[in-house]
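Below is one structure, written out as structure tokens, with a few remarks after it.
Nothing in this text is a laboratory measurement; each read-out follows from the coordinates by a stated rule. These numbers were taken from a predicted model, which means no experiment stands behind them. FYI the Cβ positions are ideal-geometry reconstructions off the backbone, even for glycines, and counts take in every protein chain you see.
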Amino acid sequence: MVDYSETSQVVTLLTRNHGLVPALAKGVRKLAVRSASAFGGPLDLLAEGDVVFLPPRSGELATLTAWGVLNHQAAMRRDLAAFYAGQISCEFTIALLSPHDPHPELFDQITAAVGRFHTAQRGLALVAYLKCALAAAGYQARLEACCVCGQAVRPGARVRFIPAMGAVACDSCPIHSPTIPVQSAVILALHRLVPPAQLPHRPPDKPADAAALLLAANLLVSQCQATTDRRLRTAGLLELFFRPREMRADI
Ligand SMILES: [Zn+2]
């Protein structure tokens, strides 16, 4: 969300039927001082609601004409770690999707993930969402076998993740892109991880530890960054999200 003038903002909406919609929200900043407007509530990060917008005449910017909040995500806003997860998910989604390209399935997955960001499944929900977003954008990570020799990833082995390819390779196979060494247990767990909406019904067999989840999230963020050739400003929040201050012995 960027301030456009004293009264307006440029916002990026993720809509279920139209995908990402960059839009000019005229008059939305007046809400702080005056609530009489077609905007039924502030346009806050990951707030869910109904929108009416005029498609762009030229360029990409639509004009937002009405907005009604259905779910302001109060639980996420009360919890700093959950809010970090929300920020990471938003930037990740905006980096990967092209405007006006509908992804209703991803809309449903981010909704499911945000609903779990303040629960004990928050780490799983975030990693599951990042994996889904990459897949929706056409960059599904190939994690079950080495991309060079085709050998299945075996438990207990060391493998390398290749961010630019979203793939893995054995330690011994030649790769000419930067790689990240990783234990195969993390790769196999990431391969099995179901989308956020399925997590309540199909949780992992073994509880995931924070260090493994942080590593998995970093792999997916590095894939997103290598694929889009842009740095995610929220990447630094992963550490804070997975290792809250009170749990970090080194500080
Ligand atoms: Zn190999």
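With the cut-off at 1.5 for a/c, could you classify region 84-163 from its C-alpha gyration tensor as rounded, prolate or oblate? Note, shape of region 84-163 comes out oblate. For the chain, the relative contact order is 16 percent, taking Cα pairs closer than 8 Å that sit 6 or more residues apart in sequence and dividing their mean separation by the residue count.
Annotation: amide H of A62 within the under-5 Å range of A23, L24, sequence separation 5 or more or interchain, hydrogens built in the peptide plane. The order of the peptides 211-217, 149-155 by mean Cβ neighbours within 10 Å, most packed first, is 211-217, 149-155. Between V52 and E105, the FRET efficiency estimated from the beta carbon spacing at R0 = 22 angstrom works out to 0.40. If you take the alpha carbon atoms of region 17-146 and fit the smallest convex hull around them, that volume is 118 Å³ per residue.
Highest-first packing order for the peptide set 84-92, 9-17 is 84-92, 9-17, based on the mean count of other beta carbon atoms within 10 Å.
Computed per residue of the chain from DSSP H runs no shorter than four, each worth -39500 (n - 2.57), the mean residue ellipticity at 222 nm is -10000 deg cm²/dmol.
Using C-alpha pairs below 8 Å separated by at least 6 residues, the relative contact order for region 138-251 is 22 percent. For the chain, the Cα gyration tensor yields ellipsoid semi-axes of 36, 20, 16 Å (square root of five times each eigenvalue, largest first, whole Å). Counted as membrane-span-like here are DSSP H helices of the chain whose alpha-carbon atoms extend 20 Å or more along the helix's own axis and whose Kyte-Doolittle mean is 0.0 or above; these are 80-96, 122-136, 210-228.
Extension gain, R231-K206: 0.36 nm per intervening residue step, less the Cα-Cα distance, totals 5.8 nm. Computed with the Debye formula from one identical point scatterer per Cα of region 166-251, without solvent, the log10 of I(q)/I(0) at q = 0.17, 0.20, 0.24, 0.25 Å⁻¹ comes to -0.90, -1.15, -1.32, -1.34. Spacing of the modelled spin labels on T63 and L240, each 7 Å from Cα toward Cβ, amounts to 3.8 nm.
I need the shape label for region 116-236. Rule: rounded when a/c is under 1.5, else prolate if a/b > b/c, else oblate, with a, b, c from the alpha carbon gyration tensor.
It comes out oblate by the Cα gyration axes.
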